[in-house]
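The values are calculated or read from the model by the stated rules, or taken from the named source; none is laboratory data. Bear in mind the structure is a predicted one, so any value in this text is a computation, not a measurement. When we count neighbours, we look across all protein chains shown, and the Cβ atoms used for this are built from the backbone with ideal geometry, even at glycine. The accessibility values were calculated without ligands, DNA or RNA, using every heavy atom of the protein model including side chains. Shrake-Rupley method; radii C 1.70, N 1.55, O 1.52, S 1.80 Å.
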Amino acid sequence: MLIRVGSRGSRLALTQAERASSRLRAPGIEIALVPITTAGDRDRSRPFGEIGSRGVFVKELEEALLDHRIDVAVHSAKDMTSSDADGLRVGAYLVREDARDALCGADAVRPGMRIGTASARRKAQLLALEPTLSIEPLRGNIDTRLRKRVERGLDAVVLAACGLDRLGLAHEIGRRFNPGELLPEAGQGALALQVRAGDEHLVAAADDEETRMRVEAERAVVAAVGGGCLAPVAAHHDGTTLVGLVAAEDGSWVERIAGDDPEALGRELARASDRYS
């Protein structure tokens, strides 16, 4: 049987797709990698909101699934919207790796630093930690952002630690932020294998139950808040505690709440956001 595995075409995405494919290989199963360019890949200069709102790195992969051009889509779980597209399911989450954010170019955040990131979530929390920072927009794949840091004379950039680890670039990391400092994006550190509804059996053997429990809880928090990858919203489950966060993009206020019920937690965060607006 041939399983066509769709992925974005970046070095990191293909590395992740190969990692996922290795979990799917078995006697009688052939894997074919199918690189697909997404809207987020085509436009690497404009802010995400100007490209097409949420899901800019997943929409084309989902369309390929629905059109039966691929059988499995490999996503960074943090890039997915907070709810599944009609007709599609996350059939497996691979074992989660480091969910933390990483500071590259420095070993600490210091007053007055120029730090590059395109993430509203990271910007809000960084400014809450140190209001004198200059947060500058920075897009591109990992290699591009590391290069641009030097070219633009930035003091540091903030990236997902797991991506650097997967590419063998852990030596670029000066500091891994504790979630108490920068709460990660929902799903960060996990790879999601998306399939058409009814095809879950194709990837079921690769599913990690603990990762699924944590990531699904995080996604449920974000869905209940009504945010997504553009809003300064975060959620992280460390295996013991589920924590959600909502913030002003300028870091002037941050609300961090812990709870057991993802939907109730999300609604509480939404109410907190309303109080500040």
| request: Determine which lysines satisfy two conditions relative to Lys78: a Cα distance under 16 Å, and not lying fewer than 8 residues away in the same chain. | output: Lys59
| said: Could you compute how fast the chain diffuses translationally, taking Rh as the Kirkwood radius over C-alpha pairs and applying Stokes-Einstein at 4 °C with viscosity 1.567 mPa s? Give it in µm² per second. | reply: 68
| message | Could you put His171, His75 in order of accessible surface area, largest first, with the 1.4 Å probe and the full protein assembly present? | response | His171, His75
| task | Quick one: which residues, 5 or more positions from Gly116 or on another chain, have an amide H under 5 Å from its amide H? H modelled 1.01 Å from N in the peptide plane, none for Pro or chain starts. | result | Glu136, Ala156, Val157, Val158
| task | Find how many whole Å separate the alpha carbon centroid of the range 121-177 from the alpha carbon centroid of the range 9-39. | result | 26
| Cut-off under 5 Å, modelled amide H: who pairs with Ala186 long-range | Ala235
| task | Would you mind telling me the share, in percent, of accessible area of the chain contributed by carbon and sulfur at probe 1.4 angstrom? | result | 47
| task | Would you mind working out the accessible area per residue for the chain, using a 1.4 Å probe, and quoting it in Å²? | result | 43
| At a probe radius of 1.4 Å, what is the per-residue accessible area of Met1, in Å² to the nearest 10? | 130
| remark: Whole-Hz Karplus couplings 3J(HN,Hα) for the range 259-272, θ = phi - 60° and coefficients 6.51, -1.76, 1.60, Gly and Pro as x, run x, 9, 9, x, 5, 5, 5, x, 5, 5, 5, 4, 5, 4
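Could you give the alpha-carbon Rg of the range 206-277 over 2.2 N^0.38 Å, rounded to two decimals? All intermediate terms of the calculation are to be shown ahead of the outcome.
Numbers: Rg = 12.2 Å, N = 72, 2.2 N^0.38 = 11.2 Å.
That works out to 1.09 for the range 206-277.
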| note | Heads up, the range 145-277 by the C-alpha gyration tensor (a ≥ b ≥ c square roots of eigenvalues; a/c under 1.5 rounded, else a/b over b/c prolate, else oblate) looks oblate
| Which ³J(HN,Hα) values in Hz, rounded to whole numbers, follow from the phi angles of the range 192-201 under the Karplus curve 6.51 cos²θ - 1.76 cosθ + 1.60, where θ = phi - 60° and Gly and Pro get x? | 10, 9, 9, 9, 6, 3, x, 9, 4, 4
| note | So the angle from the long Cα axis of helix 142-151 to the longest Cα principal axis of the chain, reported in degrees to the nearest 10, equals 30
| What range in the chain is the longest one free of trypsin sites (Lys or Arg not before Pro) that are in a loop by DSSP and have at most 16 other Cβ atoms within 10 angstrom? | 153-277
| task | Return a whole-number percent for the relative contact order of the chain, with Cα pairs under 8 Å and 6 or more residues apart as the contact set. | result | 22
| field | Dipole of the range 140-277 [Lys/Arg +1, Asp/Glu -1 at C-beta], most positive-end residue of Leu167, Leu265, Gly153 | value | Gly153
| query | Tell me, what HN-Hα J-couplings in whole Hz come from the Karplus equation 6.51 cos²θ - 1.76 cosθ + 1.60 at θ = phi - 60° for each residue of the range 154-161, using x for Gly and Pro? | reply | 6, 6, 6, 10, 10, 9, 6, 4
| query | Pairing the Cα long axis of helix 209-225 with the longest principal axis of the chain, what angle in degrees results, from 0 to 90 and rounded to the nearest 10? | reply | 60
| field | Size of electric dipole in the range 79-223: Cβ of Lys, Arg +1 and of Asp, Glu -1, about Cα centre, debye, nearest 20 | value | 720
| message | If I model the range 68-126 as equal point scatterers sitting on the Cα atoms and use the Debye formula, what is log10 I(q)/I(0) at q = 0.14, 0.30 Å⁻¹? | response | -0.63, -1.49
